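One structure is given below, encoded as structure tokens.
The values are calculated or read from the model by the stated rules, or taken from the named source; none is laboratory data. Since we're looking at a predicted model, the values are computed, not measured. Quick reminder, even Gly has a Cβ in these numbers, built from the backbone with ideal geometry, and neighbours come from all protein chains shown. Heavy atoms of the whole protein, side chains included, go into the accessibility calculation; ligands, DNA and RNA do not. Shrake-Rupley method; radii C 1.70, N 1.55, O 1.52, S 1.80 Å.
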Amino acid sequence: MSSNQMWGGRFAAGPSAIMQAINNSLPVDRRLWREDLAGSKAHAAMLRDCGIIDADDAAAILSGLDSIEAEFEANGVPDRPDLEDIHMLVEARLAELIGPAAGRLHTARSRNDQVATDFKLWTRGACREAASAIVALQQVLVARAEEHTGTIMPGFTHLQVAQPVTLGHHLLAYAEMLQRDVSRLHDADERADESPLGAAALAGTGFATDRAATADALGFAQPTANSLDSVSDRDFALDYLGAAAQCALHLSRLAEELILWASPPFGFVKLSDQWSTGSSIMPQKRNPDAAELVRGHSGRIVGLFTGLMITMKGLPLAYSKDMQDDKAPTFEAHDLLMLSLAALAGTVESASFVPEKMRAAAASGFSTATDLADWLVREANVPFREAHHITGRSVKAAEDAGCDLADLPLETLQAIDPRIDRRVYDVLTVEASVASRTSYGGTAPDQVRAQVARWKELLQPLDK
């Protein structure tokens, strides 16, 4: 069956080669073959149950669709440049298998509601796949955090040493970010829980169909309530892309830190050979290519999200052919996101952290200055702004002496402010600083261990 025959009797001549090429989406939407067959099976069963097609034709259609499913599973989707898309390919193959009865399958539906249904089914599955992959990365982060609840490293602001924290605390920050990504994906999946099937081209159908039945068969909570919106909506794809873009930003931040930490000036981590590459000319190099590619992929995913938004922004209701370009960016973004999640999970899981380098960096830059100010407030009843000033003078004295705050003689500190006494040395080490941050969500090792336990409990149901 040619594509011109599928269009019907309106066109006297077939499409030109260029028109056929620009119109052909099969290389992209062949990926929807499972969803297309599922939608067609649900539609055929509904037509039979509603008495719109007879039982024999329905049986032939359903049997033919089963045969196509087996063929595609075994051999893949065939190339048919004469057919526009996966929907026409399935219908053409069905006609080859069962003859004229295949033509009854398209009763009371259009390619407009068909593609919207297929694509929405696929996107809902993508939301779940991505959420599962995020959880796998979270599990790696939590496991590494548990190993390093007390490993001291510098916390940064402006990429300057700020206050000491623990590596476990730092890694769990990414678990928190990723949990928001899981939430966004779950929200996107839930918003997409309405079936467009049966909205037909744009106005609904005059046949007495049962849209609730097809919605239920396909795992939707209910059918969509407006036929125009049903076929023109791509919010579900934008929701997925938005969640993917946000997640990619989080992955890029983690990748960037691994890249920095693996550089010799930091030396906080050694990345395994599995997730690094060498240089073609410099034999000493160990390049963090996996992390760099994750960082690069984030830009592509954000661009794909932006691209579909621009495609959709000026389209009048209902369907326009521009919307054929909805699937390629969504598929590409999903592939990039899944690859990035797997690559970072492997990179973090196999990384060797270097605690001595981290602790040395944490002790530099007068990272316990805030602890001195807090001690003055707590123990000497000094207003914080005055304590801040006293601490600044103490830091200057340490800079001039070429030592850390903890190494300043007591007489030097007391010359700056006589209210300082020997107890201050209890808070000026990085260990004391970290241990003191006991507020909920703080970096104290006990708090980090509590958060690790919370995360293990939170992620446990998703393991089953």
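Check ALA108, ALA130, ALA126, ALA145 and return the single one that is touching a strand residue (DSSP E or B) at 6+ places or on another chain (Cβ under 9 Å), in contact (Cβ under 8 Å) with a residue 24 or more places away in the chain, of a type in the set (Gly, Ala, Ser) and crowded, with 20+ Cβ neighbours inside 10 Å. If you could, list the steps in order and put the result at the bottom.
Values: ALA108 fails: touching a strand residue (DSSP E or B) at 6+ places or on another chain (Cβ under 9 Å); ALA130 fails: touching a strand residue (DSSP E or B) at 6+ places or on another chain (Cβ under 9 Å); ALA126 fails: touching a strand residue (DSSP E or B) at 6+ places or on another chain (Cβ under 9 Å).
Unique residue meeting the criteria: ALA145.
Looking only at residues in the stretch 425-434 that are touching a helix residue (DSSP H, G or I) at 6+ places or on another chain (Cβ under 8 Å) and under 30 Å from GLN179 (Cβ atoms), which one is surrounded by the most Cβ atoms within 10 Å (Cβ to Cβ)?
Of everything passing the filter in the stretch 425-434, VAL434 is surrounded by the most Cβ atoms within 10 Å (Cβ to Cβ).
When you scan the stretch 48-77, how many residues do you find that are assigned to a helix (DSSP H, G or I), open to solvent by less than 40 Å² (accessible area, probe 1.4 Å) and not hydrophobic (A, V, I, L, M, F, W, C)?
2
State the number of residues belonging to the stretch 210-230 that are farther than 24 Å from CYS127 by Cα and open to solvent by less than 40 Å² (accessible area, probe 1.4 Å).
Residues in the stretch 210-230 being farther than 24 Å from CYS127 by Cα and open to solvent by less than 40 Å² (accessible area, probe 1.4 Å): 1 in total.
May I ask you to list the residues in the stretch 320-335 that are surrounded by 21 or more Cβ atoms within 10 Å (Cβ to Cβ) and either hydrophobic (A, V, I, L, M, F, W, C) or part of a loop (DSSP other than H, G, I, E, B) (or both)?
If the condition is that a residue be surrounded by 21 or more Cβ atoms within 10 Å (Cβ to Cβ) and either hydrophobic (A, V, I, L, M, F, W, C) or part of a loop (DSSP other than H, G, I, E, B) (or both), then MET323, ALA333 are the ones that fit.
Report every pair of residues separated by at least 6 positions or lying on different chains whose Cβ atoms are under 8 Å apart, first residue within the stretch 436-450 and within 16 Å of GLY155 (Cα to Cα) and of a type in the set (Gly, Ala, Ser), second in a loop (DSSP other than H, G, I, E, B) and open to solvent by 30 Å² or more (accessible area, probe 1.4 Å).
Close Cβ pairs (under 8 Å, with a partner that is in a loop (DSSP other than H, G, I, E, B) and open to solvent by 30 Å² or more (accessible area, probe 1.4 Å)) amount to ALA444/ARG437; ALA444/THR438.
Tell me the helices (runs of 4 or more DSSP H) entirely within the stretch 198-305 that contain at least 2 residues that are under 30 Å from MET153 (Cβ atoms).
Working: elements: 211-217, 227-232, 235-262.
Where helices (runs of 4 or more DSSP H) fall fully within the stretch 198-305 and carry at least 2 residues being under 30 Å from MET153 (Cβ atoms), they are 235-262.
Can you name every residue in the stretch 398-410 that is closer than 19 Å to GLN163 by Cα and modelled with pLDDT of 90 or more?
Hits for the stretch 398-410: nothing passes.
Filter the stretch 156-193 down to the residues that are assigned to a loop (DSSP other than H, G, I, E, B), open to solvent by 60 Å² or more (accessible area, probe 1.4 Å) and in contact with a helix residue (DSSP H, G or I) (Cβ under 6 Å, 6 or more places away or on another chain) and list them by number.
none
Condition first: open to solvent by 70 Å² or more (accessible area, probe 1.4 Å), within 18 Å of ALA143 (Cα to Cα) and not acidic (Asp, Glu). Now tell me which residues in the stretch 440-451 satisfy that.
The initial filter retains those residues of the stretch 440-451 that are open to solvent by 70 Å² or more (accessible area, probe 1.4 Å), namely 440, 446, 449.
Applying the additional criterion that residues be within 18 Å of ALA143 (Cα to Cα) yields 446, 449.
If the condition is that a residue be open to solvent by 70 Å² or more (accessible area, probe 1.4 Å), within 18 Å of ALA143 (Cα to Cα) and not acidic (Asp, Glu), then ARG449 is the only one that fits.
So which pairs qualify, if the first residue must be in the stretch 250-278 and under 17 Å from GLU349 (Cα atoms), the second must be aliphatic (A, V, I, L, M) and assigned to a strand (DSSP E or B), the Cβ gap must be under 7 Å, and the two must be at least 6 apart or on different chains?
LEU258/VAL269; TRP261/VAL269; ALA262/VAL269; PHE268/MET153
All but one of (1) of a type outside the set (A, V, I, L, M, F, W, C); (2) at pLDDT below 95; (3) open to solvent by less than 20 Å² (accessible area, probe 1.4 Å) hold for GLY314; which doesn't?
(3)
For residues that are crowded, with 20+ Cβ neighbours inside 10 Å, closer than 16 Å to GLN179 by Cα and of a type outside the set (Gly, Ala, Ser), tally how many sit in the stretch 251-273.
Final tally of qualifying residues: 2.
With respect to the numbered conditions (1) in a helix (DSSP H, G or I); (2) farther than 24 Å from ALA328 by Cα; (3) not β-branched (Val, Ile, Thr), which one is the sole condition not fulfilled by LEU37?
Only one criterion in (1) in a helix (DSSP H, G or I); (2) farther than 24 Å from ALA328 by Cα; (3) not β-branched (Val, Ile, Thr) is unmet by LEU37, namely (2).
If you check LEU121 against the conditions, is it modelled with pLDDT of 95 or more and open to solvent by less than 20 Å² (accessible area, probe 1.4 Å)?
The answer is no for LEU121.
Of all helices (runs of 4 or more DSSP H) completely enclosed by the stretch 360-464, which ones contain at least 3 residues that are closer than 29 Å to PRO264 by Cα and in contact with a strand residue (DSSP E or B) (Cβ under 7 Å, 6 or more places away or on another chain)?
Those helices (runs of 4 or more DSSP H) span 430-436.
Given the residues ASP417, ASP404, which is the only one that is open to solvent by less than 20 Å² (accessible area, probe 1.4 Å), farther than 30 Å from VAL294 by Cα and in contact (Cβ under 8 Å) with a residue 40 or more places away in the chain?
The match here is ASP417.
May I ask you to verify whether LEU171 is closer than 30 Å to GLY150 by Cβ and among the hydrophobic types (A, V, I, L, M, F, W, C)?
So LEU171 passes the test.
I need a count of the residues in the stretch 370-390 that are open to solvent by 20 Å² or more (accessible area, probe 1.4 Å) and under 22 Å from PRO154 (Cα atoms).
3
I'd like the full set of residues that are touching a strand residue (DSSP E or B) at 6+ places or on another chain (Cβ under 7 Å) and either open to solvent by less than 10 Å² (accessible area, probe 1.4 Å) or among the small types (Gly, Ala, Ser) (or both), limited to the stretch 194-208.
Scanning the stretch 194-208 gives SER195, GLY198.
Suppose we filter ARG454, ARG422, ARG393, ARG437 for residues that are within 30 Å of GLN138 (Cα to Cα) and either surrounded by fewer than 16 Cβ atoms within 10 Å (Cβ to Cβ) or out of contact with any helix residue (DSSP H, G or I) (no Cβ under 9 Å at 6 or more places or on another chain) (or both); which single one remains? Break it down stepwise before answering.
Numbers: ARG422 fails: within 30 Å of GLN138 (Cα to Cα); ARG393 fails: within 30 Å of GLN138 (Cα to Cα); ARG437 fails: either surrounded by fewer than 16 Cβ atoms within 10 Å (Cβ to Cβ) or out of contact with any helix residue (DSSP H, G or I) (no Cβ under 9 Å at 6 or more places or on another chain) (or both).
ARG454 is the lone residue from the list that is within 30 Å of GLN138 (Cα to Cα) and either surrounded by fewer than 16 Cβ atoms within 10 Å (Cβ to Cβ) or out of contact with any helix residue (DSSP H, G or I) (no Cβ under 9 Å at 6 or more places or on another chain) (or both).
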